[in-house]
Structures are given as C-alpha cells and as structure tokens.
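All remarks here apply to the structure that follows.
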Amino acid sequence: MESSPPPSKLGREGLIDRAEFVRVIVQSLHSLGYAGAASLLESESGVLYQSPELTTLRSQILDGRWDDSVATVGSMGLPPPALAAASFVALRELFMERLGSGDDRSALEVLRRRIAPLEVERSRVRELAVAVVDRGRRLEGDRRLEVLAEMEGLLSPEIRVPERRLERLVEAAVEFQRVSCVYHNVPGPISLYADHCCGPDLIPCETKQILNKHENEVWFVQFSNNGAYLASSSRDCTAIIWMLEDNGTMSMKHTLRGHRKPVSFVAWSPDDTMLLTCGNGEVVKLWDVETGMCKHTFCEAGGPIVTSCSWFPDSQKFMCGSCDPENCIYKWDLQGNKLEAWRGDRMPKVSDLSVTPDGDCLISICSDTEIRIFNFNTRTERVISEEHPIRSHALSGDGQFFIVNLTNQEIHLWDVNGNWKEPSRYKGHMQEKYVIRSCFGGLDCMFIASGSENSQIYIWSRQSCELIKVLSGHTMTVNCVSWNPLRPDILASASDDRTIRIWHASRRITKGVDA
C-alpha cells in the first residue's frame, strides 16, 4: 500500500509551508557544519535547498561568464529595482575585465550601451567611467567570491534563503515571548524547551524592611548607580546615605546635616563617590559618600533656588535648574565655578532637569507643560508640549527614554531621539496636588513604578502599559520610588508617613543570578 504524500502545510494552524520549512532547516544544518545531515534531508524530503537557477548563476559567476549571468538573472522574475542592480553587478565585472585586458573599445561599448541605460544610481556609473583612466584590473579567484556574495544579496528569498534564517526566526519567537511576558525580570537566556512565562514572584512586592530614621516626611529616594547605596532626603532638612547589605537589608552609613530647609532632591555622581543635595529655597551641597563630609556649598544665601541637579558622565560637572528669583540653568564644576548659564527674560521656569548618560542631551521641564531636549553637540533644541502640568520626570538607565508625571493622573513615556509622535500612557495611580517621582526599573528597565497620593505604589509593564502590581503598606502619600539597578528584585519607596520601605521579590534576582 502506497504511503500518502507529506502535507504541504505544517503547524497547528497550517501556516508553515513544508518546502520552505525544509529549506531553512537544510540551511541551518549547513551553517552548523552538518553538511552530511543536510544532504540526507534534501534527499529524503525531495526539497532542494538551492534553486536550480541559483546553482546555475553561481557557476556562471565563478567562471566569469558575465553575459550568461545577466541572462540568468533576467529569467528569475526579480522586481525591476533588484533586476537592475543585479544586472549592474554582472555587467560591471564584464566591463572591468575587458578594460583590464586592454580591450578599451569593447569595455566602453558595455558601459555606454548596456550599463548606462540601467536604472541604478548615476554615481555608480560615473565610477566606472573614471576606471577607464585607471586602466582597470583583472578580477579572478577570491574577487569572484565577493561578487557572488554581492549578487546573492540582491536575490529574492524564494531564490536564495537569507543567511541563518532559522536562527533569526527562532530568535524573533524568543524575543516575542520575552517582550510579551509582563513579569519578565530574570537575566540570562530563555529556554527553547517550553513557552516562557515569568511569575509575579519576580516583582518586588513584599516589605522587607521599614527605615524610620527621618523625623519628618521623606520626599526623595534614589539608589546609587552601582546599586550598593541608597540616598534619601526629607522635610527634616537632612539626607541619609544607606548601605545595602548582603542579605538585602539597608543599614545607615551617614546622616548629612547642614541644610536649613527641607531637602527635596539628591543626585548620585556617575562614579558614586559624590552626592548632590538641594531643596526648595535651599543651597546645593556636594558630599563625599565615603566620609559623609560636605565638600562644597553652591548657591549661597540670596542666590537662585535650585529645583534639581544632574551630573555629566565624567563626574566633574553638573547642571542645576532654577525657577526663583530668576529662571535659569547653570553648569558648575566641583570647585563652584559657573561654566555656563542660560538665563534672561525669554528663559522659562525650570522645574526639573536631567543630562543623558552619554552627556549629549539636556532634558528640562519648563513652564509647567513643556519638555525641552537640548543637544549639546548640535546646539539644537526640540520641544514637546503636554496638555497638563508636569510634576516630575525620570530617565531610563540607557538614556533612550524618559517618563513624565502629569497632574491628570497619567504618566507618559517618550523617546529621547524624537521618533515617537505619541507617548505610551500609564494610568491608575492618583496624582493631583503633589510632586510624585516615578522610575524605570527591573531587568532592562522593563517596568514603570510610581508612588501615589492614596499611599500605594503602582507597577506597570513598560511594553504593554498593563498595570501588574499595586503595593500597600504606607499610610500617607508615596512621594518617590527607586528601583535598584543591579538588583531587579529590590525597590525603595519614600512617603509622607516618615518612612522608607524596602520591597523585595519573593525570589531573589541579581544581574546574572536567579536564586
């Protein structure tokens, strides 16, 4: 009894063409070095990896039969732009070889009658005309392998399967599963043996520790860039540097005293050796992280009121934004020298700012509803206008994205390069009256976290904008959150209830270890 032929379509939904599937498998076997297995699969399946036209074309190119190559390319049914480009490659080699052999008349005939009429970039034709002066060269051996690779790159996938096609398909499927996993927070490769799905136990949602050393509302909290420290600032006019212990708890390292008014903002230097502190109606102070000593005080009494600070990547300069008594942006060095200043009647009020990690751009929140992105290299500025007042913003760790908190109880995500026309939107938290600072966090900054005026913490998937966690524990407004950059399982929150909460995932994660 004869066996029935194999089905032409594969997969649960019948979406995979059997012949195409076999061809990409054969190619993958060749790329892995299993030529024997590839030949056996071709033989048993009856599916040829290389189309007859491609086999013929390869032989013609390696033998230098350029006229035959042009004819073969013409029979492949290529779209006009690809046909012109492929014909140009073959005729270019014919032209150069004839020129190199001293047959100038024949070479010029190829150039004028066969190459010039092709719909290709005119600069490519002019380059060949210049070659007449250089007398050309013979092109053989390895050069013809280069021409073959160039020609194959112009052919359609049906004629020549793109390199490593199966690997790219599998990689795209794995990436799709990673992006689709709203709880994905684990470093390392994703297995091919099962569909990928992380659980909520990878998100920091359990209170590990409550820090209560501040004597008034805690307004700001931020982990250091290396994840080893946490800085907090408070209405009690102090800032505290905390140290992360091996067991994931925090211990107090220094209390920074010297401010006479509430401290609302801190900024770690990129090398984590220094900390800037400032506040509403306060000076800017520079602290040594190791000793806890004040190294310098900027903006003495009577100077501008600084609302925020941000470092340049060399840890030697920083920017400050001010809105009273004059609107201005300053650039300082560590010795207190003003290196640059933007001020004047046309300068808007600056409520928040940051420098991108590469030092190329300054992002500032101006006039309540404007986001200004200034490029230091090109000296150009781009403006994004929001409909509602902006209370704060935060940059992603790679400097590619930023979020803004709005008074209409939305958080908007924008790209720094300006490729998006509309932002991604995150909703669910409460923010109408106060400054609440949100953050990126988790593995590859795949989450957005925010405090709220209803004493809770909200966590969204950055990709899907889906609200995935709401954390309860604080008893008053949560003003600020910070996600540890090297421990994706740790989150810190600061509240008007005078406490800082350290949240852990039920399963520990580090940048390379899932414990």
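For a Förster distance of 45 Å, can you work out the FRET efficiency between the beta-carbons of ASP398 and ALA84, rounded to the nearest 0.05?
Working from the Cβ atoms, E equals 0.65.
State log₁₀ I(q)/I(0) for segment 356-515 at q = 0.10, 0.19 Å⁻¹ as given by the Debye formula over alpha-carbon point scatterers of equal weight, solvent excluded.
Each listed q maps to, in turn, -0.36, -1.21.
Ignoring ligands, DNA and RNA, what accessible area per residue does the chain give at 1.4 Å, in Å²?
Ligands and nucleic acids excluded, the figure is 48 Å² per residue.
Non-local amide H neighbours of PHE312 (under 5 Å, H modeled in plane, Pro and chain starts lacking H): which ones?
Amide H neighbours of PHE312: LYS317, PHE318, MET319.
Can you compute the FRET efficiency between GLU44 and ALA194 using 1/(1 + (r/R0)^6), with r the Cβ-Cβ distance and R0 = 25 Å? Round to the nearest 0.05.
0.30
Need one number: % antiparallel among DSSP beta bridges in the chain, to the nearest 5.
100 percent
Using θ = phi - 60° and the Karplus relation 6.51 cos²θ - 1.76 cosθ + 1.60, list the HN-Hα couplings for segment 366-378 in order, rounded to whole Hz, with x at every Gly or Pro.
With coefficients 6.51, -1.76 and 1.60, one gets 10, 6, 6, 10, 10, 10, 10, 10, 9, 9, 5, 6, 8 Hz.
Enter the Cα centre distance for the pair segment 61-126 and segment 194-242, rounded to the nearest angstrom.
Each part reduced to its Cα centre gives a spacing of 66 Å.
Roughly how much of ASP415 is accessible, in Å² to the nearest 10, using a 1.4 Å probe?
10 Å²
Run through segment 354-412 and list the GluC sites (Glu not before Pro) located in a DSSP loop whose Cβ has at most 13 other Cβ atoms within 10 Å.
GLU387
Give a residue-ordered list of calculated ³J(HN,Hα) values for segment 431-448 (Karplus: 6.51 cos²θ - 1.76 cosθ + 1.60, θ = phi - 60°; whole Hz; x for Gly, Pro).
8, 10, 10, 10, 7, 10, 9, 9, 8, 7, x, x, 4, 6, 6, 8, 10, 10
At 1.4 Å probe size, with the rest of the protein present, what percent of the exposed accessible area of the chain is carbon and sulfur atoms?
Carbon plus sulfur share of accessible area: 49 percent.
Quick check on the chain: helices-only [θ] at 222 nm, where DSSP H runs of length 4 and up contribute -39,500 (n - 2.57) each and the sum goes over total residues. Nearest 500, please.
After summing the helix terms and dividing by residue count, I get -7000 deg cm²/dmol.
With axes computed from alpha carbons, what is the tilt in degrees of helix 52-62 against the longest principal axis of the chain, rounded to the nearest 10 within 0 to 90?
With rounding to tens, the tilt is 90 degrees.
So what J values fall out for segment 192-197 if you push phi through Karplus, 6.51 cos²θ - 1.76 cosθ + 1.60 with θ = phi - 60°, rounded to Hz, Gly and Pro as x?
Couplings: 8, 6, 8, 5, 7, 7 Hz.
Under the 0.36 nm per residue contour assumption, what length would be gained going from the current alpha-carbon distance of SER464 and SER106 to full extension?
Roughly 122.6 nm would be gained on extension.
To the nearest 20 Debye, how big is the dipole of the chain about its Cα centre, given +1 on the beta carbon of each Lys and Arg and -1 on that of each Asp and Glu?
660 debye
Once the Cβ-Cβ distance between LEU15 and ARG343 is put in as r, and R0 is 41 Å, what FRET efficiency do you end up with, to the nearest 0.05?
0.10
Which number do you get for Rg(Cα) / (2.2 N^0.38 Å) in segment 34-94?
Against the empirical 2.2 N^0.38 Å value, I get 1.37 for segment 34-94.
Quick one: compute a quarter of the convex hull surface over the Cα atoms of segment 386-436 and quote it in nm².
3.6 nm²
Stokes-Einstein at 37 °C, 0.692 mPa s, Kirkwood radius from Cα pairs: D for the chain in µm² s⁻¹?
Roughly 119 µm²/s, to the nearest whole number.
Which of the GluC sites (Glu not before Pro) across segment 194-238 are loop residues per DSSP, with 16 or fewer other Cβ within 10 Å?
GLU215
For THR378, THR277, give the ranking by accessible area with the largest first, probe 1.4 Å.
On the way: THR378 80, THR277 0 Å².
Most to least solvent-accessible, the answer reads THR378, THR277.
Grab every C-alpha pair in segment 66-187, bin the distances at 10 angstrom width from 0 up to the longest one, and report whole percents.
The percentages, shortest bin first, are 12, 34, 24, 12, 10, 6, 2.
Can you list which of the trypsin sites (Lys or Arg not before Pro) found in segment 469-508 are DSSP loop residues with at most 16 other C-beta atoms within 10 Å? Working shown, then result.
Values: sites: LYS469, ARG498, ARG501, ARG507, ARG508; in loops: ARG498, ARG507, ARG508.
Answer in residue order: ARG507, ARG508.
Taking H placed 1.01 Å from N in the peptide plane, check which residues at least 5 places from HIS254 or on another chain put their amide H under 5 Å from its amide H.
ILE241
On a 21 Å Cα-Cα criterion, which of the cross-link pairs LYS285/LYS317; LYS213/LYS317; LYS213/LYS427; LYS213/LYS253; LYS208/LYS285; LYS253/LYS469 come out too long?
Among LYS285/LYS317; LYS213/LYS317; LYS213/LYS427; LYS213/LYS253; LYS208/LYS285; LYS253/LYS469, the Cα-Cα distance tops 21 Å for LYS213/LYS317; LYS213/LYS427; LYS208/LYS285; LYS253/LYS469.
The values are calculated or read from the model by the stated rules, or taken from the named source; none is laboratory data. Keep in mind the model is a prediction, meaning the values are calculated, not measured. When we count neighbours, we look across all protein chains shown, and the Cβ atoms used for this are built from the backbone with ideal geometry, even at glycine. For accessibility, only protein heavy atoms count, side chains too; no ligands or nucleic acids. Shrake-Rupley method; radii C 1.70, N 1.55, O 1.52, S 1.80 Å.
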